[in-house]
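The values are calculated or read from the model by the stated rules, or taken from the named source; none is laboratory data. On a predicted model such as this, the values are computed, not experimentally measured, just so you know. Heads up, the Cβs are rebuilt from the backbone with ideal geometry, glycines too, and the neighbour counts pull from every protein chain shown. Heads up: the accessible areas ignore ligands, DNA and RNA and are worked out on the full protein's heavy atoms, side chains in. Shrake-Rupley method; radii C 1.70, N 1.55, O 1.52, S 1.80 Å.
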Amino acid sequence: MLSKKTPFILYGGDYNPDQWDEKTIDEDMKLFKKAGVNLLVLPVFSWAKLEPEEGRYEFEWLDKILNKIWENHIYVFLATPTTAQPAWLSKKYADVLPVDITGRKRTHGMRVFFCVNSEHYRLRARALAEAMAEHYRDFPGLAGWHVSNEYGTYCYCENCQNKFRGWLKKRYGTIENLNDRWHTSFWGRTVYDFDEIMVPSELNDDYRFSPAVQLDYMRFVTDSTIGCYLNEATVLKAATPDLPVFSNISGYIKKLNQFEMVPHMDCAGWDNYPAPTDEPAFIALKHDIMRGAKDGASYLVTEQSPNQQNWQPYNKLKRPGELRRLAYQGMAHGADSSLYFQMRQSIAGQEKFHGALIAHCGEDTRIFREMCVLGQELKKLGRAFVGGRTKARAAIVFDWDNWWALELSSGPTQDMDYLKQVYKYYKAFHSQNIPVDMVKTTRELSAYDVVVLPLMYMVKPGFDEKIRTLVESGKTVLATYMSGRADENDRCIFGAYPGPLGDVFGLWVEETDALYPQESVEITMDGSNIHYPEGAYRGRFLCDILHTTTARVLGRYGRAYDGAQEIRCFYSGSPAITCNDFGKGRAYYVGTEMDTLFMERLVDAMCREQGIYAPFKTDGALEVTCRENEDGQFWFVINHGSEKGCVYLGKALDCKETADYGHSGTVYRDLLRDRNVAGAYEIEAGDVAVLKVMEGMPV
Ligand code: GLA
Ligand code: ZN
């Protein structure tokens, strides 16, 4: 659980009362109560108001608002408003504003627009955090600290350049070692002094950055941002050791390595702004990545929009029921909150058309009513599944360095999109409601029986050994094309791919062909004892041309097509899908991007080999997950479809048993509808259910 102080589902979100007069704030309090809001996040953007000149703090206005909030029994996450420094600070200290990738020194105006390594920014941010901690540490409504907002500025200033050099010196020790690790003999980039190293910007590179340098710069920016976060967080933590301290992560998660950052926080908190076209499973993947950031601990959804956004190309309204479904989906995957940006819609500025709990026209809105219903439901759920964890026996290894390196690489295809690729494998589990953890490369894997390594291009020291031991001990592992190619400095592994994993998979890859988007290759399954439906599957994107050593061939490349037109394929007949028995376990390899149906079949087969089954049989587009805490097991059933669905509630398998979809009499309490249910349970289109296992209860 996040904190003993707030043992319930947090509901509410970003509130910017400094934009409003007292009458409006009083009105807001009434509406918050009506909607069931129990937590507000503020003042995210009020540095200029809190510190009108250096060292002079004005807290009275905020005190007044906070007291009002607390009188209404609403908790707060106090935000250090350091995401938007005051103009005087940018003006007074030249090092505060960032330099962008083109070398332009930026001027004051934006938010999240400061150099994370700026000495004066850090000094003033820390002083503000200290002043706030001192002033508010005993405020009874304080439930935690929200540091800054959506970090992610990449700066290329001289200070960052110097810091980068220092960072490299610490990492590599000697210049000789750096030259070796960066393989600077390529294109004559040898350096003789750390001072000769430049930050990789447009001034020295026309977007053909050396991947090794760029990769280290991204690591450096992550580390610098962690430093910037800790600059405030340590002060806050010292003042209130029992309260959570964290920052919110932008939904565009690529910029900073969150698996490095989040461990420095008390919890992960992320901002979920799906595009209207995002599939529910894709949103689920991001939730599960956030759950993975702290090795399975519950996390926060710190922002969502109650309705439309303003910054998408086309800002679709949330359809009736959509906000509720999205809220439960977050909780179904491990969130202990459903927080929103924003509580009241601003009347001007960039976000004046962004949705809010309270719209310009007030409370008589569809969205306000929907938020009230959700608020009432969450109140009823109380502490329910709070702090609950997900039990998964399958895992997908996810890695930021791998993500960056894969996409920095020039070749083999311009369409490389790691997250999209990982999603293909994730979806194969998700569509069958098989729980899966998204795990770091450093995570202990022995608790998992099925492990998928999508495009594990970068093999970090020790990782191959981990996989080898895992398979040897009897587990099932799947690897794909673009695996085992490079080390942590993006130097290709000498010898055949997948490098140190070659013996585990019993094969070696000679070449990889990139397909045009309209091209595909049939895959004929001839060596498999796994049931596949009739007809050939198609491979796309990339095709490994591989040779087996000890692996069995399950599928081979067949006829190739450019659209509907058959074309010649010199590698038809060669292996595409293989399986290697290694020690007591099995290592599968897919040499090309297969269609979803195939991946579902393969994942199903791998899971069955390990005795992993979907917990319940379902009809319709139902997403089913489970969270467990000391109060028991809570099942979430979400119908994402436009038709009625049905979940056949048997005894939920703990996945060690053989699948039995019989209704063996377990009773579940539908917590939202206050009734006991068992057997076939129908869920209306777009509806959700939270079911608590009631051992030994009559229906
Ligand atoms: C981000 C920010 C918020 C707000 C929303 C709008 O997530 O953190 O302050 O700008 O976007 O969607
Ligand atoms: Zn800088």
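How many residues does the range 251-267 hold that are within 16 Å of ligand 1 (Cβ to nearest atom) and among the β-branched types (V, I, T)?
Summing the residues that are within 16 Å of ligand 1 (Cβ to nearest atom) and among the β-branched types (V, I, T) in the range 251-267 gives 1.
Can you tell me which residue among S338, S346 is touching a helix residue (DSSP H, G or I) at 6+ places or on another chain (Cβ under 8 Å), surrounded by fewer than 17 Cβ atoms within 10 Å (Cβ to Cβ) and among the hydroxyl-bearing types (S, T, Y)?
Values: S338 fails: surrounded by fewer than 17 Cβ atoms within 10 Å (Cβ to Cβ).
Every option except S346 fails the conditions.
Quick test of your reading of the structure: A125 fulfils all but one of (1) under 30 Å from Y299 (Cα atoms); (2) open to solvent by 20 Å² or more (accessible area, probe 1.4 Å); (3) within 16 Å of ligand 2 (Cβ to nearest atom). Name the failing condition by number.
With respect to (1) under 30 Å from Y299 (Cα atoms); (2) open to solvent by 20 Å² or more (accessible area, probe 1.4 Å); (3) within 16 Å of ligand 2 (Cβ to nearest atom), A125 is out only on (2).
Conditions (1) modelled with pLDDT of 95 or more; (2) under 21 Å from the mean Cα position of the chain (by Cα); (3) away from ligand 1 (no atom under 16 Å from the Cβ), marked per residue:
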{"residue": "L357", "(1), (2), (3)": "yes, no, no"}
{"residue": "R369", "(1), (2), (3)": "yes, no, yes"}
{"residue": "L406", "(1), (2), (3)": "yes, yes, yes"}
{"residue": "A447", "(1), (2), (3)": "yes, no, yes"}
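Please return the ranges of strands (runs of 3 or more DSSP E) entirely within the range 577-624 where 1 or more residues are open to solvent by 50 Å² or more (accessible area, probe 1.4 Å) and at pLDDT below 95. First the steps, then the outcome.
Details: elements: 585-590, 592-594, 617-619.
Fully inside the range 577-624 and qualifying: 617-619.
Determine whether the range 201-210 contains at least one residue that is polar (S, T, N, Q), assigned to a loop (DSSP other than H, G, I, E, B) and surrounded by fewer than 17 Cβ atoms within 10 Å (Cβ to Cβ). Step through it out loud before you land on a result.
Step one: of the range 201-210, the residues polar (S, T, N, Q) are 201, 204, 210.
Remaining after also requiring assigned to a loop (DSSP other than H, G, I, E, B): 201, 204, 210.
Applying the additional criterion that residues be surrounded by fewer than 17 Cβ atoms within 10 Å (Cβ to Cβ) yields 204.
Within the range 201-210, one or more residues are polar (S, T, N, Q), assigned to a loop (DSSP other than H, G, I, E, B) and surrounded by fewer than 17 Cβ atoms within 10 Å (Cβ to Cβ).
When only residues in the range 66-80 that are surrounded by fewer than 22 Cβ atoms within 10 Å (Cβ to Cβ) and among the hydrophobic types (A, V, I, L, M, F, W, C) count, which is farthest from ligand 1 (Cβ to nearest atom)?
W70
So, in the range 625-635, how many residues would count as being surrounded by fewer than 21 Cβ atoms within 10 Å (Cβ to Cβ) and outside any loop (DSSP other than H, G, I, E, B)? Can you show your working first?
Within the range 625-635, the first condition is being surrounded by fewer than 21 Cβ atoms within 10 Å (Cβ to Cβ), and the residues that meet it are 628-633.
Keeping just the survivors that are outside any loop (DSSP other than H, G, I, E, B) gives 628-629, 632-633.
The total comes to 4.
If I go through the range 145-177 residue by residue, how many of them are of a type outside the set (A, V, I, L, M, F, W, C), away from ligand 2 (no atom under 16 Å from the Cβ) and either at negative phi or modelled with pLDDT under 95 (or both)?
The number of residues fulfilling the criteria is 9.
For the range 81-97, indicate whether the set of residues that are of a type in the set (D, E) and open to solvent by less than 10 Å² (accessible area, probe 1.4 Å) is non-empty. Walk me through how you get there before you give the answer.
Quick first cut of the range 81-97, residues of a type in the set (D, E) only: 95.
Those still in the list that are open to solvent by less than 10 Å² (accessible area, probe 1.4 Å) too: none.
Within the range 81-97, not a single residue is of a type in the set (D, E) and open to solvent by less than 10 Å² (accessible area, probe 1.4 Å).
Out of the range 3-24, which residues are closer than 21 Å to V386 by Cα and open to solvent by 40 Å² or more (accessible area, probe 1.4 Å)?
K4, K5, P7, F8, listed by residue number.
Of the residues that sit in the range 128-152 and are more than 16 Å from ligand 1 (Cβ to nearest atom), in contact (Cβ under 8 Å) with a residue 12 or more places away in the chain and in a loop (DSSP other than H, G, I, E, B), which one is most open to solvent (accessible area, probe 1.4 Å)?
Here the answer is R137.
Find all pairs meeting these conditions: Cβ atoms under 6 angstrom apart; at least six residues apart or on different chains; first residue within the range 83-101 and within 16 Å of ligand 1 (Cβ to nearest atom); second residue part of a loop (DSSP other than H, G, I, E, B).
Every condition considered, the pairs that remain are T83/R111; T83/V112; T83/S148; T83/N149; A84/F45; A84/R111; Q85/F114.
Looking only at residues in the range 153-168 that are open to solvent by 10 Å² or more (accessible area, probe 1.4 Å) and assigned to a loop (DSSP other than H, G, I, E, B), which one is nearest to ligand 1 (Cβ to nearest atom)? Break it down stepwise before answering.
So in the range 153-168, the residues open to solvent by 10 Å² or more (accessible area, probe 1.4 Å) come out as 153-154, 156-159, 161-163, 165-167.
Subset that is assigned to a loop (DSSP other than H, G, I, E, B): 153-154, 156-157.
Working: T153: 13, Y154: 17, Y156: 23, C157: 24 Å.
For the range 153-168, the residue satisfying everything is T153.
Considering only residues that are assigned to a loop (DSSP other than H, G, I, E, B), open to solvent by 20 Å² or more (accessible area, probe 1.4 Å) and touching a residue at least 24 places away in the same chain (Cβ under 8 Å), which ones fall in the range 642-651? Step through it out loud before you land on a result.
Here is the first cut: in the range 642-651, the ones assigned to a loop (DSSP other than H, G, I, E, B) are 642-644, 650-651.
This time we only want the ones that are open to solvent by 20 Å² or more (accessible area, probe 1.4 Å), so: 642-644, 651.
Scanning the range 642-651 gives S642, E643, K644.
Only residues that are under 12 Å from the mean Cα position of the chain (by Cα) and assigned to a loop (DSSP other than H, G, I, E, B): list them for the range 238-254, please.
Passing the criteria: N248, S250, G251, Y252, I253, K254.
Can you tell me which residues in the range 229-250 are closer than 11 Å to G152 by Cβ and not polar (S, T, N, Q)?
Selection gives I249 alone.
Among the residues of the range 485-519 satisfying the criterion of being of a type in the set (D, E, K, R) and farther than 17 Å from V553 by Cα, which is surrounded by the most Cβ atoms within 10 Å (Cβ to Cβ)?
Selected residue: D490.
Which count do you get for residues in the range 7-51 that are more than 19 Å from M132 (Cβ to Cβ) and not aliphatic (A, V, I, L, M)? Show your work before the answer.
So in the range 7-51, the residues more than 19 Å from M132 (Cβ to Cβ) come out as 7-13, 19-38.
This time we only want the ones that are not aliphatic (A, V, I, L, M), so: 7-8, 11-13, 19-24, 26-28, 30, 32-34, 36, 38.
Adding up the residues that qualify gives 20.
Suppose the filter is among the hydrophobic types (A, V, I, L, M, F, W, C), over 18 Å from F114 (Cβ atoms) and either in contact with a Gly (Cβ under 8 Å, 6 or more places away or on another chain) or buried (at least 22 other Cβ atoms within 10 Å of the Cβ) (or both); does L256 pass it? Before you say what the answer is, go through the steps one by one.
Working: among the hydrophobic types (A, V, I, L, M, F, W, C): yes; over 18 Å from F114 (Cβ atoms): no; either in contact with a Gly (Cβ under 8 Å, 6 or more places away or on another chain) or buried (at least 22 other Cβ atoms within 10 Å of the Cβ) (or both): yes.
Spelling it out, it is not the case that L256 is among the hydrophobic types (A, V, I, L, M, F, W, C), over 18 Å from F114 (Cβ atoms) and either in contact with a Gly (Cβ under 8 Å, 6 or more places away or on another chain) or buried (at least 22 other Cβ atoms within 10 Å of the Cβ) (or both).
Out of Y557, Y516, Y561, which single residue is under 20 Å from A479 (Cβ atoms), hydroxyl-bearing (S, T, Y) and in contact (Cβ under 8 Å) with a residue 24 or more places away in the chain?
Criteria check complete, one pass: Y557.
Given the criterion of a type in the set (V, I, T), open to solvent by 50 Å² or more (accessible area, probe 1.4 Å) and closer than 30 Å to V690 by Cβ, identify the matching residue among T277, T302. Lay out the reasoning, then the answer.
Numbers: T302 fails: open to solvent by 50 Å² or more (accessible area, probe 1.4 Å).
Going through T277, T302 in turn, the sole match is T277.
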